[in-house]
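The values are calculated or read from the model by the stated rules, or taken from the named source; none is laboratory data. Just so you know, these numbers come straight off a predicted model, no measurement behind them. Ideal geometry is used to build each Cβ from the backbone, glycine not excepted, and the neighbour counts take in all protein chains shown. To get the accessible areas, we keep the full protein, side chains included, count just its heavy atoms, and leave off ligands, DNA and RNA. Shrake-Rupley method; radii C 1.70, N 1.55, O 1.52, S 1.80 Å.
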Amino acid sequence: NFPERGWLFLSQIFYPGWKVWVDGREVPIWKANGIFQAVLVESGKRVVEWRYQPSYKLLLWLPIVVFGVALILSFRRPNR
């Protein structure tokens with residue numbers, strides 16, 4: 001229960017992939033003390049949920065790139 005609007009500080013290093021929801025609504029994460037995380041929370045009873053959801057977009061492209069390189073290399077003619 002928050003008596004007034006204020007910052008909720010988490011001594012977790014600010015790192016991409018962290019997301020925060022307050023009462024089911026995603027809110028921005030702010031840097032606190034240069035390296036930690038904080039969110040602005042309104043007064044009243046609140047449910048705050050921090051989740052780590054890293055981006056796997058790069059990993060999704062990896063098989064396509066590997067396949068493309070293998071395909072290109074398979075068409076190269078050996079030097080004789």
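Of the residues making up region 40-51, those that are surrounded by 10 or more Cβ atoms within 10 Å (Cβ to Cβ) and of a type outside the set (Gly, Ala, Ser) are Leu40, Val41, Glu42, Arg46, Val48, Glu49, Trp50, Arg51. Filtered by the rule that a residue be touching a Phe, Trp or Tyr at 6+ places or on another chain (Cβ under 9 Å) and open to solvent by 90 Å² or more (accessible area, probe 1.4 Å), region 19-34 gives Trp30, Lys31, Asn33.
Among the residues of region 1-50, which ones are touching a residue at least 40 places away in the same chain (Cβ under 8 Å) and not basic (Lys, Arg)? Once the filter is applied, which keeps residues that are touching a residue at least 40 places away in the same chain (Cβ under 8 Å) and not basic (Lys, Arg), region 1-50 yields Asn1, Phe2, Pro3, Leu8, Leu10, Glu42, Ser43, Gly44, Val48, Trp50.
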